[in-house]
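Report on the structure given below.
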Amino acid sequence: METLIVNQNEVPRLLPMKECIEVMARAFAALAREEVTLPQRQIVWLPEKTGALGLMPAHLSALGAIGVKAVTFFPRNEGTDIDSHQGAVLLFETGRGRLLAVIDATAVTAQRTAGVSGLATRLLAKPEAGDLALVGSGVQARTHLEAMLLVRTIRRVRVASQTPERANAFATREAKRHGIEVESCATVREAVEGADIVCAVTSARTPVVLGEWLSPGVHVNAVGSSVATARELDAAAVARSRLFVDRREAALTEAGDFLLARGEGAVTDAHIAGELGEVLLGTVEGRRDANEITLFKSVGLAVEDVAAAQHIHGKARGSGIGRFLEFGGHRSDAD
C-alpha cells in the first residue's frame, strides 16, 4: 500500500494560499451544515508547561476524509530556527482505513491558519479595507500577509514585533517577496492605530492589542492564542467588537481572548455573534455597517487540517511533488 509523504517545503506548492482559502471555505461550510465529526482536541502538557503535545482528529463525511493532526507546541522556540509548532497530519481513507498521507504539520498549520483568517477577512472586513497591521513577525505573520493580499486590495502594511530587529527583518524580507512597501513600527500601538485590518499573530500570553487603539470599522483576526489562559487582546478590545469564532464549543473552552474577558465581566457567552461557517452560509449576519468593529477569534480546528491534507493528497499524484512509499497496512499471516 502506498502512502504519500509530503515535507515542509512541499506543502505550499500543493496547497497555495489562494487554493487554501477555498479549501477552508468548503470545510467551514461543511462544519456549519453539521457534516463534520469534530471531537475537542486533547493536549498533554510537559512539566511546568514548557511544551505540549496536541491530538486533533476530525471526520468530514461530505468530503469522505478522516484524519488527525499530532503536533507539539513549544513556545520557547519563538525567535529560533525551530518552529513552535511541529508534527504531522495523518490522512486515512474512509473505505478500509488505509493510511493515505503523512504531511508536515508545521507547514499545514501555517497555511490553513492564514487561509481561515483570509476567509474571515473576506467575509467580515469592509470591502474597501486596505490598511493592514501585523502584530508579530513570525511564520504566521508571513502567511497572513500573503492571505490578506489575496482577499483585499492592501495599500499599506505595518508590522510590529517583540524587538525592532525582528520587525525590520520581516519588513525588508516581505517587501522584497511581494514587491510592496512594509513599514516597521517601534510599538504595537503605532502599527494598530488607523488600521482597518489587524492580524494578531503572536505567542503573547498577556494582551498586546488594546481596545482603545482600534479604529471604527476595523476587522481583527486574533490567531496567536489557542489556550484558555493566554490572550493577545484585552477585555476592551473584545467588548468593543462583534465577535465571531471558528466553533462555539472550542471558543468556550480554549479561546483565552474571550474567556479571560468574560472572567473580568466585560462580556458574556451571548457576545459570540456566530461561527465563521454560519456567516459563510448566510444563517448569521456578518458585518452590519462600516463603523462596526468585527473580531474573528481563531483557536484552530482539526477540520482545517484534514481538509488541507485531503486537498494535498488529491493534487500530489502526477505532480512530481511528494513521495509515494510502501508503508504497510497489509495483513500479515506469519506462522
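Here, each number is a calculation from the coordinates, and none is a lab measurement. Only a predicted model underlies this, so the values are computations on that prediction, with no experimental measurement involved. Don't worry about glycine lacking a Cβ; one is built from the backbone with ideal geometry, like all the others, and counts go over all protein chains shown.
Kindly provide the helix-only [θ] at 222 nm of the chain, computed as the sum of -39,500 (n - 2.57) over DSSP H runs of four or more divided by all residues, to the nearest 500 deg cm²/dmol?
Details: 11 runs with 115 residues, N = 335.
Rounded to the nearest 500, it is -10000 deg cm²/dmol.
Rounded, prolate or oblate: which fits segment 1-42, taking a ≥ b ≥ c as square roots of the Cα gyration tensor eigenvalues, rounded meaning a/c under 1.5, else prolate when a/b beats b/c?
Details: a/c = 2.32, a/b = 1.43, b/c = 1.63.
Oblate.
Rounded, prolate or oblate: which fits segment 254-304 when a ≥ b ≥ c are the square roots of the eigenvalues of the alpha-carbon gyration tensor, with rounded for a/c under 1.5 and prolate only if a/b beats b/c?
Working: a/c = 2.15, a/b = 1.18, b/c = 1.82.
Verdict is oblate for segment 254-304.
Could you let me know the centre-to-centre spacing of segment 222-242 and segment 271-291, using Cα atoms, in angstrom?
18
Provide the FRET efficiency to the nearest 0.05 for the E128-N9 pair, computing r from the beta carbons and using R0 = 35 Å.
Plugging the Cβ-Cβ distance into 1/(1 + (r/R0)^6) gives 0.45.
Against the globular-protein guess of 2.2 N^0.38 Å, express the Cα radius of gyration of segment 1-73 as a ratio, rounded to two decimals. Walk me through the numbers on the way to the answer.
Numbers: Rg = 15.1 Å, N = 73, 2.2 N^0.38 = 11.2 Å.
Scaled against compact globular proteins, the figure is 1.34.
In debye to the nearest 20, how big a dipole does segment 125-297 give about its Cα centre with +1 on each Lys and Arg Cβ and -1 on each Asp and Glu Cβ?
Working: 21 positive and 24 negative charges, 78 e Å.
About 380 debye.
Highest mean first, how do 322-328, 100-106, 197-203 rank when packing is the count of other Cβ atoms within 10 Å averaged over residues?
Numbers: 322-328: 13.7, 100-106: 23.6, 197-203: 26.7.
In decreasing order of mean packing, 322-328, 100-106, 197-203 become 197-203, 100-106, 322-328.
Between T229 and N291, with labels modelled 7 Å along Cα→Cβ, what's the label distance in nm to one decimal, could you check?
My value for the distance between the label points is 4.1 nm.
Classify the chain from the C-alpha gyration tensor, please: rounded if a/c falls under 1.5, else prolate or oblate depending on whether a/b exceeds b/c.
Numbers: a/c = 1.67, a/b = 1.49, b/c = 1.12.
Prolate, because a/c is 1.5 or more and a/b exceeds b/c.
In nm, give the distance between the simple-model label positions of V284 and E249, each being 7 Å from the Cα along the Cα-to-Cβ direction.
With each label point 7 Å from Cα toward Cβ, the separation is 1.5 nm.
What nm distance separates the two modelled labels at E212 and R26, each placed 7 Å from Cα along Cα→Cβ?
4.7
If you average the C-alpha positions of segment 1-37 and of segment 62-117 separately, how far apart do those two centres end up, in angstrom?
The distance from the Cα centre of segment 1-37 to that of segment 62-117 comes to 10 Å.
Once the piece of chain linking I180 and M1 is laid out straight, how much longer is it, given 0.36 nm per residue of separation minus the C-alpha distance between them?
Values: separation 179, 0.36 × 179 = 64.44 nm, distance 4.65 nm.
In short, 59.8 nm is gained.
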